[in-house]
Every structure is written in structure tokens, then in C-alpha cells.
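Working notes for the structure below.
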Amino acid sequence: MKLLLEHAHVEGIRYYDTYRKNGGYRSVEKAFKMTPEEIVEEVKKSGLRGRGGAGFPTGMKWSFLAKPEGVPRHLVCNADESEPGTFKDRYLMEFIPHLLIEGLIVSSFALGSNATYIYIRGEYAWIVDILEQAIQEAKNNGWLGKNILNTGFDCEIYVQRGGGAYICGEETALIESLEGKRGNPRIKPPFPAIQGVWMRPTVVNNVETLAAVVPIINNGGEAYAKIGVGKSTGTKLLSVCGNVKKPGIYEIDMTQTVEEFIFSDEYCGGIANGKKLKACIPGGSSVPILPANLTLKTAKGEARYMNYESLADGGFATGSMMGSGGFIVLDDSQCVVRHTMTLARFYNHESCGQCSPCREGTGWMYKILKNIEYGKGKMSDIDLLWDIQRKIEGNTICPLGDAAAWPVAAAIRHFRDEFEWHVNNPDEAQQRNYGLAHYADPIHVPVTA
Amino acid sequence: MSDQKFKVTIDNITVEVAPGTTILNAARMIGGDVTPPAMCYYSKLEGSGGKCRTCLVEVSKGSEKDPRPMPKLVASCRTTVMDGMEVKNITSPKVLDARKGVVEMLLINHPLDCPVCDQAGECHLQDLSYEHGASGTRYEFDRRTFEKEDIGDYISLHMTRCILCYRCVFTADQLTNKREHGILERGDHAEISTLLGKSLDNEFIGNVIDVCPVGALTDKTFRFKNRVWFTKPVDAHRDCPTCSGKVRLWMRGDEVFRVTARKDQWGEVEEWICNDCRFHKKETKDWVIEGPSKIDRHSVISQGHYVGVKKQPVLIDKVIGKNPKLLLDIHKVSDVNRPEIELSKIEGPAHSDDFKPNK
Ligand SMILES: Cc1cc2nc3c(=O)[nH]c(=O)nc-3n(C[C@H](O)[C@H](O)[C@H](O)COP(=O)(O)O)c2cc1C
Ligand code: SF4
Ligand code: SF4
Ligand code: FES
């Protein structure tokens, strides 16, 4: 089932003429015959959830937008995509940029944003050119600018490049950065819906979220909600990386089991090089890692599915999260300790440094993990790590603190014996990896909170 | 509207406050041990607070209308009260545990060079660790260090001691008209710096020294001249064309060692003073002396004389199950801290001999 990437393979779809011939910009024509409130209502009906990581219902977010008289409002597209393992927005913007522009025009109309911004990851330099070209083409064809299609609605889209900080993907840090300031997350409240860019009401949405508005308007919110299962409606883009045969971008309708997704030829094609599945991080580097058995099955022994609810089944004790859709697969030659250390280094490097637990704790965790990985760890370090992540989680300004804590917590929770093996066998740990252990076997999983 | 009051209960003690008051300020109205420590919030600096996380509290009841508890601990300095809100500070084991964690985090990269630090004796981090920290550390790595730096002729920046509270950044931004003092880099490698390493020459910039809770920003005209607890704080004023001229002199005998702004019981500057008063007026004849300062924080400076403090009506009984006493009373164990010695009665400079037990 493809909605977003339906025409991704069409030769020349990056350019306006081809895009238009394949049904592009129909949703704008349709939307302009509706009222902004009707569009918000359609999005609500669609059940669309934010694709940036938190999964917050988009229609609800839109309805929270304050509309004080005489104050401009803004829509900001979050294209900062810097979460390790996540590269779906890049693909969408690179290959079908007009889909995003189309979604932005419809959403800007619904929210009353006359100046809409795309805040794009600094390293995506070449995509800035692609987007700007698409914006120019849309403008030349009357979809942007003043009095679009004689509706009286004006809209401009501006592309702003980030300076290379993961934290600028957090919506309030993004807003600060967009304003030209240091990208420190703001303390909430006030929320962006009340005071965002330049203290004006602002909606920040992910690239994929805004692109999904196109099929929602084209086919209707109800039709969109019929796709998927439960509260996981519509289609979701996943960027798959790691030890699978076919890494890349997949669009799924969230009805597949994880097993089918990893092993069937239609998707990832199984584990590469004849190895075995060891672990999986289903939603980008910030979400908890799961051992093979819990990747494929929930703690209750039921099949795990590729959707918001099923991936989160069991909470953090035995489940994980859909997150940003960065699906990372580890085979039995991967070392969980090393992997966790790499992530800890990332969060240490990317913490903005405002709040003490995150600023200091991320560095501390990285140093301890480095010791364990390089054979200098102590048994007590494992408990210390656990305590540090516990002291960070929930006690910080923005969720980066949590995002730094969760991977460490999950690695210790599920792979503690691998950490212990590193401590007990420092020399051997330098020579070889721990391997699969018993995690790929269907072991009994304690159902604890 | 203006006389509308919100009832908020903190550690079982109820106060009525104006809407818009933060939990921290409501707690300060109660005073005493139910007031969360604040290392970054500064009531005079707009936008300050929320960063250090020492003031975290548990909101066990959101409000009368919506009694649901808040899912996470909140920064009391940036969370406003609601009518009927119930807050737990020292009655919440969760808060005490988290706060201990915050203190530990603040200390892991701190040099702990108090013996050679000018701030010792009036350092909020010392007070905080003493009241809320653990006695040891679990940190076994090299601490982060930076080169010492002079920012201008009068201010020394010892970045290694900085806790990144951002107070000096807000001060430089809000008191002076040019923004040339800020933070470079991010995370644990972030540092305070000035525009292109330029000196700060604004006439109010000296106030960054007073807002700094630790010894990261110190007065070069006072550096290493004395320990603060050997100098006597005296309130004084002069007719200053630039600022209010209301200052605190730190004296030994007739010698003025240091001039600072006056601070209130929360360690906050009462009125900003100009560089001229602070750095250039170091003679007694420059000043009209008002009398000994009332120092009422539990600092070593006060030598146990909490002059001017309203005695806490023993509210603590209400604080169920907790005995929020200091872990140890420094005045009982240190020779230098003799409550029975009235500093202002000592003639001439106070000297360590004055505190000898046989005196
Ligand atoms: C540290 C951090 C980094 C984030 N990075 C991104 C990002 O790169 N792209 C994104 O869309 N959302 C990111 N988010 C989530 C945003 O804060 C915000 O929730 C999202 O843009 C909302 O869009 P949505 O509702 O469409 O998902 C990040 C959040 C955090 C805490
Ligand atoms: S949690 Fe980390 S990244 Fe977020 S505001 Fe605090 S220090 Fe910055
Ligand atoms: S130098 Fe002092 S005031 Fe400035 S951020 Fe550091 S600790 Fe805070
Ligand atoms: S005083 Fe509230 S977070 Fe620092």
C-alpha cells in the first residue's frame, strides 16, 4: 500500500510537469474549495499521528493553534532529520519534493500561515537546492505567492538551513534557531501553538506528516483512517539500516508483523550474510533496543506488528516505540556494548548543555561505557550506569535527556550478561564479540513493569 | 481580578499567592526548608531558571479543577501555581533522590578547588552540596578543564568552575546594551565566552560577578586578597551618578577589600551597582557607612548570627515524616565558626585568632 511513494519511481517526478501529470497539486485545488476548519476536520478524521517521533495526533495539534486577532501564524516544517538511523524525510524531499510543497500549501491554508518555513538539516545541502527549485516551479505555476488561484490567500515558503545540531530538531530549539538564536530548547509552557516563532502561534510538523496531508485531502480523512490498524492509521515510511539484505526506505500500512517485515523478500529480505537476528531498534536511536525474541513477539507471546501500539506493547520493560521510523537491525556479530557506547557518544555530543543532568550525565555515561567496551570496566559500573540514566530520565527540559537515557537502560535491561561478560573477560572482549547468547531463542520473558 | 488569590500547599503548608506566582516564589514566601534550592533562577533576570534542575518538585495535585498529579517532577522556578495545587518538596522521596542526582551531576566536573577559590564561603554550590549532596563521588574520570581567562581588566573567568546557569549571560544581555557575552559550543564542552574574546567594558558588567553562584566569575581587584569570612560586611552608600550607590563593603579594619552589591536572603542582588563603585571606590572615605550588614543565609560569613531572620514558626512539625535538619551544623564543629562571637564587636580586622576557642 503506497500513498506517499506511489509515484516515487516515475522518471522525472522531481520536476513539476511530471509531478502535475501524475495527479500533483490536486489536493490544493480541492482544499481551496473547503474552509480551513473543514481541512483541520479531515485531518482529525484521518487519525494521522505526527511522524517526527512522538506520534501526537496532528489534527488535535492543529486545533490547539491559537488565533489571536491581527497576529500572524506560522507553519514550520521540521526537516532537521538527524536521529541516527532515520533518513526517510531525506528520501521524500530528494525524490518527490513537490509532495512536501503540496502538503505545505494545503496545511498553510488550513492554519492560516502566510509565511511557512522548512527548517532543514544543514548537512542536507543538496536538498536545499532541490526544494528551492520545486518552490520556484510551484510559484511559476501559480501555487505559491500572492492571491493563489484567486482565493485571496497568500503564501510563501522559505527554506532555512540548520547549522548541524541534532538538538535543533526538537521543536522549540528549532524555533530558536529559526529566529537566529542559539538552538536551546525552550522551557514549556508556553507551547509553540501559543507562542512559537517570534512569539507567534506556530505549528511544527515533520516532513512526512505534512506530506501525508496530500492523500488525506485527496481521498478524504475517513478513507485514510481505514488504512492501517487501530490508532495507527495510514501509511508510515521506514528507513531500514543495519544487517539486513535490503536496507532502504519502505512505505507500509502498519499491518505487517515485524517478522514479515524483517524476513520477507518484499521488505528487508532477512538478515544479510547468513547471520542471525540479534537485536532491533525499531524507531530510531532514541527508542529502547529489543532482543530478537522480543522484537518478533510481545511478552505475552503474541506476534509483534509494525505499528505504534504493538511496538510499544509491554511498555519499556518488554517493548519499544515506533519513534521516527528509523529501523535498525543488528546481527549476531554486533556488540551491544559497543553499540550503546556509540549512541552514548552521540547524545553526549549533541546535548545542548542547558540542564545539568543531561549535560553532565551524558558525558559520564559515555565515559563509563567506553571503559567497559575497552576492557577497563568494573561490575559496579553497570549499576552505576543504570543509576545515572535513571537520574537523567524525566528530569530535563527537553526529551533529549530521555532519549539519551532510554538506549542505555534498555541495553542493560535486556543484555546485562553481555555487559558482565565484558567486565569479566576484558581481553576476550577485545578479540571477539559476545554473539547471540540465548536471545534469539524463544526464552521466557518475565512480565514486569 | 487583582486581589484574586490562589491557594497552594507546599509540604503541607498552605499559602495564598497571586496568580502567576511560581511554585518557587510561593515556597519562598513560606521560607525555611520547604524552599527548593535554586542555582540558576534569579528573580531579577527575565528568562532565567529552568536549567540547573535543583529546584525540581513533585506536583501531587495539579489544581482544584484538575486534581491530576503532574507526571514528571517540575522545575518549581518556572512552573506557576494553580488554585488548589499541592506540591511536595522535602516530603517527596522522589524529589530528594532526583535532587541528589542533580547535585552529583553539578559536581562531577567541578574542580572542587575551594581552598584556592575566592568564592569559598559564599558559594551556592558549596551550600547546595553541603545540604543536598552525598559525601563522596562516584565519578572516576578526569574533570573537564579550561584555561583561565581575563574578560576585561576587572573580571576573571575561571570556566572550569562554571555550572552553566546562564545567569551572567542574562545579566550581560539585560543590563548592558550590547550583547557580547554568551555561550559557545554545547553539551559538556559548552563555555562562557565574550564576543571574539573581547573584554567587557560596559559600566554595569561587574554585576556578572555577583550573580555567579560559583567562583567562575571573580573580581580581579579582590582576587586572592582575603578570604571572605575574614572580612566584615558593612552596608554603605555614596552619591553615584551612574547607579544607586547602595553597596556592601567587605572590610578588615579600615581597609575596604571588596565592594559588592547588597544581596537579599536568597543571595540575589537587591540593586545593581556600577563598575565605578565596585572596582574604583576602595577607600573608606569614598563611602557613608550605614552599619554591619545583615547576612542571613547560613553562610560561614554570618558566623552563626542569622541577624534579621524571622525565626521560622516551627512549621516543620507539619512536614510529615521528615526531619529536614542540616546533616551537620558547621558552627558546632569548626573553630572558625563561633556563634557567640559578634563580628561587629571585633575591633579592627577580624583575624583567625579572634575565633580561637580560648578567646
Ligand atoms: C532531540 C530531539 C530531536 C528531534 N528531531 C526531530 C527531527 O529531526 N525531525 C522531526 O520531525 N522531529 C524531531 N523531533 C520531534 C519534534 O520535537 C516535534 O515533536 C516534531 O517535529 C513534531 O512533528 P510531528 O507532530 O509531525 O511529529 C525531535 C525531538 C527531540 C527531542
Ligand atoms: S535535555 Fe539536554 S538537550 Fe534538552 S534542554 Fe536539557 S541539556 Fe539541552
Ligand atoms: S560563569 Fe557563573 S554565572 Fe555565568 S553561567 Fe557560569 S556559573 Fe553561571
Ligand atoms: S532554579 Fe529552577 S531549574 Fe535552576
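Classify the stretch A:190-246: rounded, prolate or oblate, from the alpha-carbon gyration tensor (a ≥ b ≥ c, eigenvalue square roots; a/c under 1.5 rounded; otherwise prolate if a/b is larger than b/c)? Oblate shape, in that a/c is at least 1.5 and b/c is the bigger or equal ratio. Short-range pairs are left out: with C-alpha atoms under 8 Å and at least six residues apart, the relative contact order of the stretch B:225-293 is 36 percent. Mean sequence separation of contacting Cα pairs (under 8 Å, at least six apart), scaled by the length of chain A, corresponds to a relative contact order of 16 percent. Tell me, what is the per residue accessible area of the stretch B:69-157 in Å², probe radius 1.4 Å? Accessible area per residue: 45 Å².
Listed by chain and number, the lysines whose C-alpha is less than 23 Å from the C-alpha of A:K139, apart from same-chain residues fewer than 8 away, are A:K21, A:K30, A:K33.
Counting charges near B:G101 (Lys, Arg +1; Asp, Glu -1) among other residues having Cβ under 12 Å from its Cβ returns a value of +2. What separates the Cα centres of the stretch A:139-188 and the stretch A:302-375 is a distance of 30 Å.
Remark: the stretch A:16-226 carries 38 Å² of accessible area per residue (probe radius 1.4 Å; ligands, DNA and RNA excluded).
Of the peptides A:117-123, B:224-230, the ranking by mean beta-carbon count within 10 Å, highest at the top, reads A:117-123, B:224-230. The slack between A:E94 and A:F316, meaning 0.36 nm per residue of separation minus the straight C-alpha distance, is 76.5 nm. Taken residue by residue and averaged, Cβ atoms of other chains lying within 10 Å of the Cβ of A:345-357 number 6.
By its C-alpha gyration tensor, with a ≥ b ≥ c as the square roots of the eigenvalues, how is the protein assembly as shown shaped: rounded for a/c under 1.5, else prolate for a/b larger than b/c, else oblate? Cα axes put the protein assembly as shown in the prolate bin.
Highest mean first, what order results for B:4-16, A:199-211 on Cβ atoms within 10 Å?
On the way: B:4-16: 18.2, A:199-211: 24.8.
Highest-to-lowest ranking by the protection proxy: A:199-211, B:4-16.
Bridgeable lysines around A:K376 (alpha carbons under 28 Å apart, same-chain partners fewer than 8 residues away excluded): A:K278, A:K367, A:K391, B:K100. Taking the C-alpha atoms only, the angle from helix A:379-392 to the longest principal axis of chain A is near 20 degrees.
Since only B:V228, B:G267, B:I289 are under comparison, the one whose Cα sits farthest along the positive direction of the charge dipole of the stretch B:225-293, derived from C-beta charges on Lys, Arg, Asp and Glu, is B:V228. Label-to-label distance, A:S380 versus A:F56, with points set 7 angstrom from Cα along the beta-carbon direction: 4.2 nm. B:C117 contributes about 10 Å² of solvent-accessible surface, heavy atoms of the protein only, 1.4 Å probe.
Where only DSSP H runs of four or more residues are counted, chain A gives -12500 deg cm²/dmol as its mean residue ellipticity at 222 nm, each run worth -39500 (n - 2.57). Taking amide H positions as modeled 1.01 Å from N, with prolines and chain starts lacking one, the residues under 5 Å from B:M251 and 5 or more places away or on another chain are B:K232, B:V234, B:F257.
Entry note, the stretch B:6-103: relative contact order of 34 percent, from Cα contacts under 8 Å with a spacing of 6+ residues. Pairing chain A with chain B buries about 2900 Å² of accessible area. This figure sums both sides and uses a 1.4 Å probe.
Students sometimes get this wrong: rank B:H132, B:H237 by accessible area, probe 1.4 Å, all chains present, largest first.
Working: B:H132 45, B:H237 65 Å².
Order by accessible area, largest first: B:H237, B:H132.
Extension gain, A:T151 to A:K67: 0.36 nm times the residue separation minus the Cα-Cα distance gives 28.2 nm.
Please go through the residue pairs B:K7/B:K61; A:K2/A:K226; B:K7/B:K88; B:K44/B:K232 and name each one whose alpha carbons sit more than 19 Å apart in this structure.
Working: B:K7/B:K61 12 Å; A:K2/A:K226 14 Å; B:K7/B:K88 15 Å; B:K44/B:K232 26 Å.
In this structure, B:K44/B:K232 lie more than 19 Å apart at Cα.
Shape of chain A from its Cα gyration tensor (a ≥ b ≥ c, root eigenvalues): rounded if a/c is under 1.5, otherwise prolate when a/b > b/c, or oblate? Let's see the in-between values first.
Numbers: a/c = 2.12, a/b = 1.62, b/c = 1.31.
Taking the square roots of the gyration eigenvalues as a ≥ b ≥ c, chain A is prolate.
Reported to the nearest whole Å, the Cα centre-to-centre distance from the stretch B:66-130 to the stretch A:206-221 is 45. The mean number of partner chain beta-carbon atoms within 10 angstrom of a residue's beta-carbon across peptide B:164-172 is 1.
Looking only at other chains, what is the average number of their beta-carbon atoms within 10 angstrom of each beta-carbon in A:391-397?
Across A:391-397, the average partner-chain Cβ count within 10 Å equals 6.
Normalise the Debye intensity by I(0) for the stretch B:6-103, one equal point scatterer per Cα, no solvent, then take log10 at q = 0.23 Å⁻¹ and round to two decimals. Log10 of I(q)/I(0), two decimals: -1.22. Note on A:K61: lysines with a C-alpha under 18 Å away, same-chain residues under 8 apart excluded, are A:K44, A:K45, A:K188, A:K231.
Helix A:336-350 and the long axis of chain A differ in direction by around 50°, with both axes built from C-alpha atoms.
With a cut-off of 13 Å between beta carbons, the residues surrounding A:D387 carry a summed charge of -1, where Lys and Arg count +1 and Asp and Glu -1.
The values are calculated or read from the model by the stated rules, or taken from the named source; none is laboratory data. The structure presented is a predicted model; accordingly, all values stated were derived computationally and were not measured. Counting neighbours? That spans all protein chains shown, and the Cβs are built from the backbone with ideal geometry, glycine included. Surface areas here come from the heavy atoms of the whole protein model, side chains and all, with no ligands, DNA or RNA. Shrake-Rupley method; radii C 1.70, N 1.55, O 1.52, S 1.80 Å.
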